[in-house]
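Taking it in order: structure first as structure tokens, then the write-up.
What follows is calculated from the coordinates using simple rules that are stated; it is not laboratory data. Predicted, not measured: the structure shown is a model, and the values here were computed from it. Because the Cβ atoms are built from the backbone with ideal geometry, glycine has one as well, and the counts that use them run over all protein chains shown.
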Amino acid sequence: MKLLITGGAGFIGSAVVRRAVAEGFDVVNLDALKYSANPDNVAEVAASPRYAFEDVDICDEAAVRAVFERHSPDAVMHLAAESHNDRAIEDPLSFVRTNVMGTAVLLDAARRHWAALPSPRKEAFRFHHISTDEVFGALGETGAFTEETPYDPNSPYSASKAGSDHLVRAWHRTFGLPAVLTNCSNNYGPFQFPEKLIPTVISRALEGKSIPVYGQGLQVRDWLHVDDHAEALLLVLQKGRLGETYCIGGDNTVRNIELVKTLCAHLDKYAPANTAHADRIEFVADRPGHDFRYSIDASKLKRELGWSPRIALTDGLEDTVRWYVQNRAWWDAIRARGFHSERMGLVKA
């Protein structure tokens, strides 16, 4: 099977690319190599005869169609997206462009490709759209998101992802495009661009900088290791029921401040400093529209496809800290390109 994976040089996308090649899939990685993409993320498979790369923006209709014509994929896994909430507050229109218009362009190219396929390739074709639990809004002190939770996005990022989800369902219902959707909880692990919480904490601590925590750090997130997520995504692609949505969660809910303190404890072990790393925690003004709590109920995925996360949060966090400590050259190169974990997401006039 040949997979067209969009956003395959990003954090989650590269994990899917690496796993898919290892499992014997032929992979075409379509990525525009914007700021958070990194060819180093897929270096271990770049020389494989099963891997091809296309430097293409999903908003470029002609270029996207040409990729389908050149490679004739059997399935699409759509991960390309602008994904950082803070950045969405500063530049919301770029999120609408990529996440909404880019998805529409990709869907229409996929529909035309699928419609022209001969049987049985046409019957076997799949379009898998990968989304986020943030489309559901915020939870209170109890409860969990399920596939039946109404959409209630609160940020430009989550609203743009909600729009892309609706477009995929529309192409499935209107045109018959064989599609499946997944909504995941917060991912973590190696190769995550250092603007998200976990790599921000680790990289700033290793540089001796303050460790910013929004508000009082009381927000709750459900953490999913990226390797568990990649396994689930490939399983849904192959065995998920068409037209269905599957929620993917790590069953690891924890407050942000507790997560940060755990990371600091691991840093004390693997990169000891003159003082405890937790002493540099600094509470800063909260992000506008910051959702209070997310939690995923992944029982549908477990029940129908037999998937469960394998990596416990305690082990995954320690492994992640160790990876960033041992691979400083990877994120030093990102620093050299001009990203220094500056505060983003403050509303400007």
query = Between F175 and A265, what is the label-to-label distance in nm when each label sits 7 Å out along the Cα-to-Cβ direction?
reply = 5.1
Interchain or long-range residues, amide H under 5 Å from R293's placed H = L139, V220
ask   = Taking only pairs that are 8 or more places apart or on different chains, how many Lys pairs in the chain have Cα atoms under 23 angstrom apart?
value = 17
key: Residues whose placed amide H lies under 5 Å from that of A298, excluding near-sequence neighbours   = G249
remark   = Counting sequence-distant residues (5 or more places) and residues on other chains, those with an amide H built under 5 Å from that of N183 are S131, Y246, C247, I248
query = To the nearest 20 debye, what is the magnitude of the charge dipole of the chain about its Cα centre, counting +1 on the Cβ of each Lys and Arg and -1 on the Cβ of each Asp and Glu?
reply = 400
inquiry  = Counting pairwise Cα distances across the range 176-223, what percent come out greater than 16 angstrom?
reply    = 57
ask   = How do the peptides 160-166, 237-243, 74-80 rank, highest first, by the average count of neighbouring beta carbon atoms within 10 Å per residue?
value = 74-80, 160-166, 237-243
remark   = Distribution output for the range 103-142: share of Cα-Cα pairs per 10 Å bin in percent, first bin at 0, values 23, 34, 20, 15, 8, 0
Of all DSSP beta bridges in the chain, antiparallel share, percent nearest 5 = 10
ask   = So how long is each side of the range 69-223 along the principal axes, counting just the alpha-carbon atoms, biggest first, in Å?
value = 58, 35, 27
message = Would the range 1-152 count as rounded, prolate or oblate if I go by the C-alpha gyration tensor, calling it rounded below 1.5 in a/c and otherwise prolate when a/b exceeds b/c, oblate otherwise?
response = prolate
inquiry  = Between 0 and 90 degrees, rounded to the nearest ten: what's the tilt of helix 197-206 against the longest Cα principal axis of the chain?
reply    = 40
remark   = Computed over the Cα atoms of the chain, the Rg and Dmax in Å are 19.6, 66
remark   = Summing -39500 (n - 2.57) over every DSSP H run of at least 4 residues in the chain and dividing by its residue count gives a helix-only mean residue ellipticity at 222 nm, to the nearest 500 deg cm²/dmol, of -12000 deg cm²/dmol
query = Which whole-Hz couplings ³J(HN,Hα) result when phi for each residue of the range 80-94 is put into the Karplus expression 6.51 cos²θ - 1.76 cosθ + 1.60, θ = phi - 60°, listed in order with x for Gly and Pro?
reply = 5, 6, 7, 9, 9, 4, 4, 5, 5, 5, 7, 9, x, 5, 5
note = Karplus ³J(HN,Hα) for the range 152-163 (6.51 cos²θ - 1.76 cosθ + 1.60, θ = phi - 60°; Hz, whole; x = Gly/Pro) runs 7, x, 10, 10, x, 5, 5, 5, 5, 6, 4, x
request  = For the chain, find the longest principal axis of its Cα atoms and tell me its angle to the long axis of helix 102-116, 0 to 90°, nearest 10.
outcome  = 30
Rounded Å value of the spacing that divides the Cα centres of the range 9-49 and the range 111-175 = 22
note = Per residue, the convex hull enclosing the alpha carbons of the range 146-194 has a volume in Å³ of 125
key: the chain: relative contact order as a whole-number percent, Cα under 8 Å and 6+ apart   = 18
remark   = Length-normalised contact order of the range 183-291, Cα under 8 Å, at least 6 apart, in percent, tallies to 39
